[in-house]
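Participant: Can you keep this structure in mind? I'll have questions shortly.
Readers should treat all values here as calculations from the given coordinates under stated rules, not as data from a laboratory. Source: prediction; values computed, not measured. Positions of Cβ are generated from backbone atoms using ideal geometry, with glycine treated the same way; all protein chains shown enter the neighbour counts.
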Amino acid sequence: MRNLDKNTLEAIKDYISQYQIKFGKSPAYRTIDKEFHFNSLPKVQRYMNWLTRNGWIQKTDLGGISIPQNLELNETTQAPVVGAIACGQPILAIENIEAVVELPTFFFGKGEHRVYKAKGDSMIGVGIYDGDWIIAKPSSTAVEGEIVVAIVEDSATVKTYKRTKDKIILHPENPDFDDIIVDECEIQGIVKQVIHNV
């Protein structure tokens, strides 16, 4: 699959939601194509397939689009707190469940989540600071530009996922740190939310 832009994925989801609120129905693929200047219905299809596969949107029985209903105020999901994760140089990847917390689905959505405590300052450019709590959704794959929990040679780190034709680049969002460039790595999760430790 060709690389998909994370910002565009989020923008399409938000556009669908706002379109439904305004017009009471879902936008057609041609409408999305025109809005985002793709000039390619197959490209719209690739983005829509990813959004559907990852649970960001749903297809109705009549072929329309719906946004999953995560806005039940009294509903929560349990997430294990699995220790520190490096926002700097990778640290040994030993997952010890330290606690289990309740996350409101209103903010975090349904499904499985894991909670890590950020250690280091290599990701301050995207608002992840030493001591923050990182909410990640387990995943073994990533899209270009997503912030991932990655395992490199038995060590864990949080970085922005990029790749070339034959290399994976784990990019820090701080110019004081260097890229981690590897042939392969294990993706364990995608960072979805950050709670600042203030």
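Participant: Using only the Cα atoms of the chain, build the gyration tensor, take square roots of its eigenvalues as a ≥ b ≥ c, and label the shape rounded, prolate or oblate: rounded if a/c is under 1.5, else prolate if a/b is larger than b/c, else oblate.
Facilitator: Numbers: a/c = 2.25, a/b = 1.42, b/c = 1.58.
Taking the square roots of the gyration eigenvalues as a ≥ b ≥ c, the chain is oblate.
Participant: OK, next. If we count every other residue with Cβ under 15 angstrom of Gly88's Cβ, Lys/Arg +1 and Asp/Glu -1, where does the sum land?
Facilitator: Working: positive: Lys117, Lys119, Lys159; negative: Asp121, Asp130, Asp132, Glu173, Asp176, Asp178, Asp179.
With Lys, Arg at +1 and Asp, Glu at -1, the neighbours total -4.
Participant: Of Phe38, Phe108, Phe177, which has the largest mean-square fluctuation in a 10 Å C-alpha GNM of the chain?
Facilitator: Phe38
Participant: Enumerate the lysines that Lys192 could reach by cross-link, defined here as Cα to Cα under 22 Å, with residues fewer than 8 away along the same chain left out.
Facilitator: Reachable lysines: Lys6, Lys13, Lys110, Lys117, Lys119, Lys137, Lys159, Lys162.
Participant: Further, regarding this structure: Please list 149-156, 42-49, 164-171 highest first by mean number of surrounding beta-carbon atoms within 10 Å per residue.
Facilitator: 149-156, 42-49, 164-171
Participant: Using R₀ = 45 Å, calculate the FRET efficiency as 1/(1 + (r/R₀)^6) where r is the Cβ-Cβ separation of Phe36 and Glu102; round to 0.05. Write down the numbers at each step before the final one.
Facilitator: Numbers: r = 37 Å, r/R0 = 0.82.
It comes out at approximately 0.75.
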